[in-house]
Structures are given as structure tokens and as C-alpha cells.
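Here the structure is laid out as C-alpha cells; the discussion comes afterwards.
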Amino acid sequence: MKNLVFLGPPGAGKGTQAARISARLGLPHISTGNILRAAIKEGTPIGLKAKSYMDAGNLVPDEVVIGIVKDRIAKDDCANGYILDGFPRTLPQAEALAQITQITMAVNIAVEDELLVKRLSGRRVCPACGLTTHVNSYSGANCPTCGAALIQRADDNEATIRNRLSVYNKQTQPLIDFYQQRGILETVDGYQDIDLVTDAIVRAIEA
Ligand code: AP5
Ligand code: MG
Ligand code: ZN
């Protein structure tokens, strides 16, 4: 069983890598950020609650995201494992997760703050197929996979990015120690090329 958590600051590459590892290993990719953005788009009660927190770059209350993840990992496609991208993000979330499932590995994608601002301000995402790209590697206005118009996330402006980094440093960084103490932390160098990061994660998972 591979019950994986991907940790790392905003822009570290959690979503990029989770999508690749999901395709390689056939594990569902569960991003709380994507689930919340979809809820906002659909105007559900959870979406209405989450919007102001996300627009400011602050964390959505623990009970909201814990409920989402609890329901999601109970589904049949998670029977052989899953990749959690962006959850847990606080100690109470990590403790709640430990009550409902056994995490087998936490992959920490390590990158320093200044590079993250550059990565996030140039990020473009496809609202139709979920592709994530960057203006430095692709300059077109439309998705190279499906042709839909690419968009910039509402929280990818410099002021909000800086707040997200500070929230990460205060609230999420302690989870590195949490998983280290449990002997299941693997750190990979997130500065490398995207393909090399993927290879390092696959090696860690298969070791
Ligand atoms: P979420 O959507 O999870 O955002 P985040 O944590 O801020 O992380 P990002 O998605 O910005 O970064 P990433 O690591 O996925 O990077 P990516 O692969 O895209 O959360 C958004 C909000 O939702 C939160 O602020 C909060 O409000 C709420 N939320 C979500 N989960 C929550 C929770 N558990 N509790 C409470 N609230 C929660 O890559 C970034 C860019 O870099 C891309 O352009 C990419 O192409 C590029 N890139 C990636 N890897 C490389 C590389 N190796 N080299 C060069 N460029 C690269
Ligand atoms: Mg992401
Ligand atoms: Zn697309």
C-alpha cells in the first residue's frame, strides 16, 4: 500500500509531481487546493466558505479540509493508496489524518523562497484538463494539451504569494519534523529539472 503525502512550500512542485507520479504508479492524485477551487467554481457551501481564505493566501479552517480528505480517501479508488497534495498543512490536520489512515511515506520537496516567487508568478494552469505550466517553458495563450485558454490562479500575485510562503513557514513547516519523528520522511531536491525531481521521488517510493 502506498499512502503518500507530498509536502513542500507553495510552488515547490507538489502538483506537478503528484500528477506525474499518479500517472506512473496509478494512484489517485488528491489535491485539497484543486478540490477547494472546484467548490468555489461550483458555488457550493464549502466553496463559499473557502473563498475569502484562499484569496488572501490563508489556510481554510482545519475541520473543512479534514472532512474533504476523510470522504475522499474512503472511496474505492484509494484502496491501494493515494497521493495527498497539499494536505496535511497543520499539526491538527496531520493528527486527524493519523487517526483515520496510515501514511506510509511523506515526500518533502525542498526549494527556497525567492525561487518560489518566480515560479508562482509565472505559473499558468489549464482550467479544462488541469495542466500546469510556466511562462518560461511555454509562452502560448492556449493549453498545449487540450487547447483551452490558460489562466493564472487568483492567488498567484506577489502579495498573496508572500503571505502563502509566510503561512507555510509558520504552520506547515513543523510537519517535516512530525513525519521525520515517525521515520517516514524522504526529502528530495526540488531545484532540479522537473524530470529529475520525478525520478528522485520514484526512487524514494520504490526503495
Ligand atoms: P494549493 O493549491 O495547495 O497551493 P499551494 O500549497 O500554495 O501550492 P501550489 O499549488 O501553489 O504549488 P505546487 O507545489 O503545487 O507547485 P506547482 O507544481 O504548481 O492551496 C491553495 C490554497 O488552498 C491555500 O492557500 C489554502 O487557502 C487552501 N488549502 C489547500 N489545502 C489546504 C489545507 N490542507 N488546509 C487549509 N487550507 C488549504 O509548480 C509551481 C510552478 O513552478 C509551475 O509553474 C510549474 O510549472 C513550475 N515548476 C514546478 N516544478 C519545477 C521545477 N522542478 N523546475 C522549474 N519549474 C518548476
Ligand atoms: Mg499545487
Ligand atoms: Zn488543457
Here the net charge surrounding Glu206, from other residues whose Cβ is less than 12 Å away from its Cβ (Lys, Arg +1; Asp, Glu -1), is +1
Counting only DSSP beta bridges fully inside the chain, the antiparallel percentage to nearest 5 is 25 percent
Comparing Val197, Val135, Val69 in a Gaussian network model of the chain (Cα, 10 Å), the one with the largest mean-square fluctuation is Val135
Treating only Lys and Arg (+1) and Asp and Glu (-1) as charged, each at its beta carbon, one finds that the chain has a dipole about its Cα centre, in Debye to the nearest 20, of 400 debye
Listing Glu186, Glu112 by rising number of other beta-carbon atoms within 10 angstrom, fewest first, gives Glu112, Glu186
For the stretch 104-109, in residue order, the Karplus 3J(HN,Hα) values (coefficients 6.51, -1.76, 1.60; θ = phi - 60°; whole Hz; Gly and Pro = x) are 9, 7, 10, 9, 9, 8
Fewest-first ordering of Leu116, Leu25 by Cβ atoms within 10 Å yields Leu25, Leu116
The Cα extents of the stretch 71-177 along the principal axes, largest first and rounded to whole Å, are 45, 34, 20
Residues other than Val5 with Cβ under 12 Å of its Cβ, Lys/Arg counted +1 and Asp/Glu -1, net out at +2
Computed over the chain, the Cα gyration tensor eigenvalues, each multiplied by 5 and square-rooted, give semi-axes in Å (largest first) of 24, 20, 18
With x for Gly and Pro, the residue-by-residue ³J(HN,Hα) of the stretch 2-7, computed from phi through the Karplus equation 6.51 cos²θ - 1.76 cosθ + 1.60 at θ = phi - 60° and given in whole Hz, is 10, 9, 10, 10, 9, 9
Given the candidates Tyr138, Cys126, Met105, the one whose Cα lies deepest towards the positive end of the charge dipole of the chain, counting +1 at each Lys or Arg C-beta and -1 at each Asp or Glu C-beta, is Cys126
When the charge dipole of the chain is computed with +1 on Lys and Arg Cβ and -1 on Asp and Glu Cβ about the Cα centre, the Cα farthest towards its positive end, among Val60, Ala19, Ile205, belongs to Val60
Quick note on Phe178, Phe87, Phe6, ordering by fewest other C-beta atoms within 10 Å, gives Phe178, Phe87, Phe6
For Met105, the residues 5 or more places away or on another chain with a placed amide H closer than 5 Å to its own amide H are Asn3, Val5
For the stretch 10-55, shape from the Cα gyration tensor axes a ≥ b ≥ c, cut at a/c of 1.5 then a/b versus b/c, turns out oblate
Taking Cα pairs closer than 8 Å and at least 6 residues apart, the relative contact order of the stretch 62-207 in percent is 29 percent
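Computed from the coordinates by the stated procedures, all read-outs in this text should not be read as laboratory data. All values derive from a computational prediction rather than experimental measurement. Cβ sites come from the backbone with ideal geometry, for glycine too, and all protein chains shown count toward neighbours.
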